[in-house]
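Novice: Pasting in a structure now, in structure tokens, and then I'll have a few things to ask.
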Amino acid sequence: MGYALLAGWLPGERMVKAHIVEPVVALRERAEAIGATASVDISGIPPGFDPAAIVFAVKPQHLCDLLPAYLRFAQDGAFFLSVAAGIEIAAMADVVGTDVPIVRCMPNMAAAVGAGMLVCCANVMTSKQQRHLAERLLSPAGKVVFIDDEALMHTVTAVSGSGPAYVFHFLECLERAGTAGGLPDALARDLVLQTIYGAGLLARKSSDDPAVLRRQVTSPNGTTAAALAVLMGEGGLDTLLARTVEAARVRSVELGAH
Ligand SMILES: NC(=O)C1=CN([C@@H]2O[C@H](COP(=O)(O)OP(=O)(O)OC[C@H]3O[C@@H](n4cnc5c(N)ncnc54)[C@H](O)[C@@H]3O)[C@@H](O)[C@H]2O)C=CC1
Ligand SMILES: O=C(O)[C@@H]1CCC=N1
């Protein structure tokens, strides 16, 4: 996720000066190849480097152990921006103090192609300028929104954070169903990718509710009606997705509790 964000900052006119701390050599080289400087740990940050933001894109389990080492940058005016699932602003503030400006963001994997959904919460210490900078840093990765109620971040994570994986799985299943129906593999892949891309784009651009669009596809007594009788039947996708999102939400709460 860190690389997806970085890739949006470095090329072209938006270019910012970024230093990456990353223990894995191949990943440092990947960051350097697009114009960042990189080091294996915090001691490699160039002297005099004066960041406006410190972005944390480590596993949630590692985040709080890592924060204190970066506190000196916050004392010099930087704000912290975390994309770690589940970890609340209060948990970060417990480690570094309540006077540190912190933005918590939940991006998703589509950030890698600039089409992510990035939902942010900021604490009261975050200035208007820092919120704007967070928005500027995140917007190359997709659509950025700020919400006030941090408690919603668990459900946000379960819907848009993990959501791309649900869509990828839907894609896998539809492709498998297509090949089971006799389509060659490559054709099944093409059909499914273009259908999901096209339907997503149409739903995004249309002012109609998705239910209206669904009804427009569904001819009376036609093929879609036969299909939806299964998909929307008892124990169908609605029930399954409610359980799916709830499982992710509960796990997000658990991640935050450690
Ligand atoms: N993958 C996804 O779709 C999403 C991930 N996230 C969040 O993004 C964060 C990162 O997730 P991924 O990118 O999937 O994991 P990842 O494992 O690919 O990335 C974590 C990176 O942190 C590096 N790292 C480990 N210790 C470090 C240290 N002490 N200092 C600096 N870097 C260190 C690792 O080498 C690794 O490259 C997680 O907190 C996750 O909850 C949030 C939304 C979506
Ligand atoms: O699976 C995870 O925990 C992270 C957060 C949302 C997407 N990936």
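The values are calculated or read from the model by the stated rules, or taken from the named source; none is laboratory data. Every value quoted in this text rests on a predicted model; they were computed, and no experiment measured them. Here the Cβ positions follow ideal geometry from the backbone for every residue, glycine too, while neighbour counts run over all protein chains shown. For accessibility, only protein heavy atoms count, side chains too; no ligands or nucleic acids. Shrake-Rupley method; radii C 1.70, N 1.55, O 1.52, S 1.80 Å.
Novice: For a quick check of your reading: which helices (runs of 4 or more DSSP H) sit entirely within region 200-258 and have at least 3 residues that are within 21 Å of Val167 (Cβ to Cβ) and basic (Lys, Arg)?
Specialist: Correct list: 237-257.
Novice: Take the conditions assigned by TED's automatic domain parsing to the domain that holds Thr224, among the hydrophobic types (A, V, I, L, M, F, W, C) and over 25 Å from Gly116 (Cα atoms) and apply them to Leu202. Does it pass?
Specialist: For Leu202, the condition - assigned by TED's automatic domain parsing to the domain that holds Thr224, among the hydrophobic types (A, V, I, L, M, F, W, C) and over 25 Å from Gly116 (Cα atoms) - is not met.
Novice: Any idea how many residues of region 33-82 are among the polar types (S, T, N, Q) and free of Cβ contacts under 8 Å to residues at least 12 places away in the same chain?
Specialist: Count: 2.
Novice: Another one. Identify, by number, the condition in (1) within 13 Å of ligand 1 (Cβ to nearest atom); (2) without any contact (Cβ under 8 Å) to a residue 60 or more places away in the chain that Lys17 doesn't meet.
Specialist: (1)
Novice: Among (1) touching a Phe, Trp or Tyr at 6+ places or on another chain (Cβ under 9 Å); (2) under 30 Å from Gln61 (Cα atoms), which single condition is Arg243 missing?
Specialist: (1)
Novice: Right, here's the next one. Considering only region 155-167, state which residues are of a type outside the set (S, T, N, Q) and within 11 Å of ligand 2 (Cβ to nearest atom).
Specialist: Correct list: Val156, Ala158, Val159, Gly161, Gly163, Pro164, Ala165, Tyr166.
Novice: With region 42-150 as the region, which helices (runs of 4 or more DSSP H) entirely inside it contain at least 3 residues that are β-branched (Val, Ile, Thr)?
Specialist: By residue number, 89-96.
Novice: Out of (1) more than 14 Å from ligand 2 (Cβ to nearest atom); (2) open to solvent by 10 Å² or more (accessible area, probe 1.4 Å); (3) not small (Gly, Ala, Ser), what's the single condition that is false for Leu138?
Specialist: Every condition holds for Leu138 apart from (2).
Novice: Does Arg214 satisfy the criteria of being within 16 Å of ligand 1 (Cβ to nearest atom) and in contact (Cβ under 8 Å) with a residue 12 or more places away in the chain?
Specialist: no
Rundown of residues vs (1) within 19 Å of Met125 (Cβ to Cβ); (2) at pLDDT below 95; (3) within 15 Å of ligand 1 (Cβ to nearest atom), yes/no style:
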| site | (1), (2), (3) |
| --- | --- |
| Leu6 | no, yes, yes |
| Ala26 | no, no, yes |
| Arg30 | no, no, yes |
| Pro46 | no, yes, no |
| Gln61 | no, yes, yes |
| Ile89 | yes, no, yes |
| Val96 | yes, no, no |
| Met106 | no, no, yes |
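Novice: Checking the structure you have, find out if any residue of region 103-117 is without any contact (Cβ under 8 Å) to a residue 12 or more places away in the chain and either farther than 27 Å from Tyr197 by Cα or in contact with a strand residue (DSSP E or B) (Cβ under 7 Å, 6 or more places away or on another chain) (or both).
Specialist: Scanning region 103-117 turns up no residue that is without any contact (Cβ under 8 Å) to a residue 12 or more places away in the chain and either farther than 27 Å from Tyr197 by Cα or in contact with a strand residue (DSSP E or B) (Cβ under 7 Å, 6 or more places away or on another chain) (or both).
Novice: Within region 111-130, which residues are over 26 Å from Ala74 (Cα atoms), among the small types (Gly, Ala, Ser) and surrounded by fewer than 21 Cβ atoms within 10 Å (Cβ to Cβ)?
Specialist: Of everything in region 111-130, those that are over 26 Å from Ala74 (Cα atoms), among the small types (Gly, Ala, Ser) and surrounded by fewer than 21 Cβ atoms within 10 Å (Cβ to Cβ) turn out to be Ala112, Gly114, Ala115.
Novice: Please enumerate the residues belonging to region 144-183 that are within 14 Å of ligand 1 (Cβ to nearest atom), open to solvent by 70 Å² or more (accessible area, probe 1.4 Å) and touching a residue at least 24 places away in the same chain (Cβ under 8 Å).
Specialist: Val159
Novice: Take the residues of region 74-95 that are at negative phi and open to solvent by less than 10 Å² (accessible area, probe 1.4 Å): which is farthest from ligand 2 (Cβ to nearest atom)?
Specialist: Ala78
Novice: I need the full set of residues from region 8-18 which are touching a Phe, Trp or Tyr at 6+ places or on another chain (Cβ under 9 Å) and either modelled with pLDDT of 95 or more or open to solvent by 90 Å² or more (accessible area, probe 1.4 Å) (or both), in order please.
Specialist: Answer for region 8-18, where residues must be touching a Phe, Trp or Tyr at 6+ places or on another chain (Cβ under 9 Å) and either modelled with pLDDT of 95 or more or open to solvent by 90 Å² or more (accessible area, probe 1.4 Å) (or both): Met15, Lys17.
Novice: Being hydrophobic (A, V, I, L, M, F, W, C) and in contact (Cβ under 8 Å) with a residue 12 or more places away in the chain: is that true of Ala90 here?
Specialist: It is false that Ala90 is hydrophobic (A, V, I, L, M, F, W, C) and in contact (Cβ under 8 Å) with a residue 12 or more places away in the chain.
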